[in-house]
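Asker: Got a structure for you, written out below as structure tokens; questions coming shortly.
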Amino acid sequence: MELINFKVGCKTISLKILDILLTERFDNNLTTLPNNNKSFIGVKDYMDIPTPVFDLGIILNNISTEQSNKHILKQLRSWQDKQSKWFNTLETNLLNRSEKLVINETELQDFIVFFQEFNTDNPDLKLTISRFNEPFELLLEQARQAVSAHRQGEHKQVSYLLSKIKRSSLAQLERLFESAQEQITLDYKPIIVFTTKDGINPHVGLLVDKVEDSLDYKKEDIKPLDKLTDIGFDIDPQTKGMMRGLIKMAKNHSVLIDPSSIFKPTELQVETENTEAYGLF
């Protein structure tokens, strides 16, 4: 059986190639309709057939990748602003020769935790975030040197160190902040996967982040979800109804999805699960 893998946030999902009519870039040009389903994002014509489109990120992750990206961007901009204010305050106190000068590093400790624990499947963004540590530690060390020089009354040395910080560690951190934000913004190019139940007419469109690869799998490669869902996993019935199994990959698993079961009434999902209607093999 030939499958195509797609990325949805941090998850990988698989669809049978026969369930796919077409993939196209999402240009945010859907027709919106009043509804109470937060994953429904609008209607798109496929060969003049109005087709509902759902955000698979919301279905599987409870949050769209777009919203997740906005949250990360907000965090980065917040830390960039906080770091700038921190240094400006330090610089003002040093240049004004404040007698009660204390370098408050605790204000930035949460940022250390943020970039050390930051996780992403984007290799370029992951590399950028990993580069924060060195200039950040250098910034703190140079700030300590400037404070020490201030306490010893070496005011020319203080001015020299402040200038050095701006040219080196602070400038490098600013470039990393801008690079990370740019990668998050430019890397997000979602696509709509138009699915089908009969090979001709569209069923639903699914918004995913990107196409991964196409692979052939055998029956023994697909592991059932029964043991996982029977031990207390709280999976939404609609989501559970469309999941058909796990496929072992190099480092993780892909979730095999039956798009024909998305938003199907529960009683019909049970019927599908107990038969071979999906035609896996």
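Asker: Going through region 146-158 one residue at a time, which ones are in contact with a Leu (Cβ under 8 Å, 6 or more places away or on another chain) and surrounded by 15 or more Cβ atoms within 10 Å (Cβ to Cβ)?
Answerer: Pass one, region 146-158, residues in contact with a Leu (Cβ under 8 Å, 6 or more places away or on another chain): 146-147, 149-151, 158.
Scanning region 146-158 gives Ala146, Val147, Ala149, His150, Val158.
Asker: Another question about this same structure. Are any residues in region 170-195 surrounded by 18 or more Cβ atoms within 10 Å (Cβ to Cβ), touching a Pro at 6+ places or on another chain (Cβ under 6 Å) and within 23 Å of Leu140 (Cα to Cα), and if so, which ones?
Answerer: Matches in region 170-195: Leu173 only.
Asker: Taking the residues in region 121-141 that are touching a Ser or Thr at 6+ places or on another chain (Cβ under 6 Å) and not basic (Lys, Arg) as candidates, determine which candidate is farthest from Asn93 (Cα to Cα). Full working, then the answer.
Answerer: Going residue by residue through region 121-141, those that are touching a Ser or Thr at 6+ places or on another chain (Cβ under 6 Å) are 126, 128, 135, 138-139.
Then keep just the ones that are not basic (Lys, Arg); that gives 128, 135, 138-139.
Details: Thr128: 32, Pro135: 22, Leu138: 20, Leu139: 17 Å.
Out of the qualifying residues, it is Thr128.
Asker: Separate question: I'm trying to understand the selection: among the residues of region 19-36, which are surrounded by 13 or more Cβ atoms within 10 Å (Cβ to Cβ), more than 19 Å from the chain's Cα centre (by Cα) and not in a strand (DSSP E or B)?
Answerer: Result: Asp19, Leu30.
Asker: Now for a separate question. Between Glu154, Glu91, Glu99, Glu137, which is of a type in the set (D, E, K, R), at pLDDT below 85 and more than 24 Å from Cys10 (Cα to Cα)? Talk me through it step by step, then tell me what you get.
Answerer: Working: Glu154 fails: at pLDDT below 85; Glu91 fails: at pLDDT below 85; Glu137 fails: at pLDDT below 85.
Within the list Glu154, Glu91, Glu99, Glu137, the selection yields Glu99.
Asker: Ok, one more. Do we find a residue being out of contact with any Ser or Thr (no Cβ under 6 Å at 6 or more places or on another chain), closer than 29 Å to Asn5 by Cβ and surrounded by fewer than 16 Cβ atoms within 10 Å (Cβ to Cβ) anywhere in region 101-120?
Answerer: Checked region 101-120: at least one residue is out of contact with any Ser or Thr (no Cβ under 6 Å at 6 or more places or on another chain), closer than 29 Å to Asn5 by Cβ and surrounded by fewer than 16 Cβ atoms within 10 Å (Cβ to Cβ).
Asker: Yes or no: region 50-60 includes at least one residue that is assigned to a helix (DSSP H, G or I), at pLDDT below 90 and buried (at least 18 other Cβ atoms within 10 Å of the Cβ).
Answerer: Yes, region 50-60 contains at least one residue that is assigned to a helix (DSSP H, G or I), at pLDDT below 90 and buried (at least 18 other Cβ atoms within 10 Å of the Cβ).
The values are calculated or read from the model by the stated rules, or taken from the named source; none is laboratory data. Since the structure is predicted, the reported quantities are computational estimates derived from the model, not experimental observations. Every residue, glycine as well, gets a Cβ built from its backbone with ideal geometry; the counts of neighbours run over all protein chains shown.
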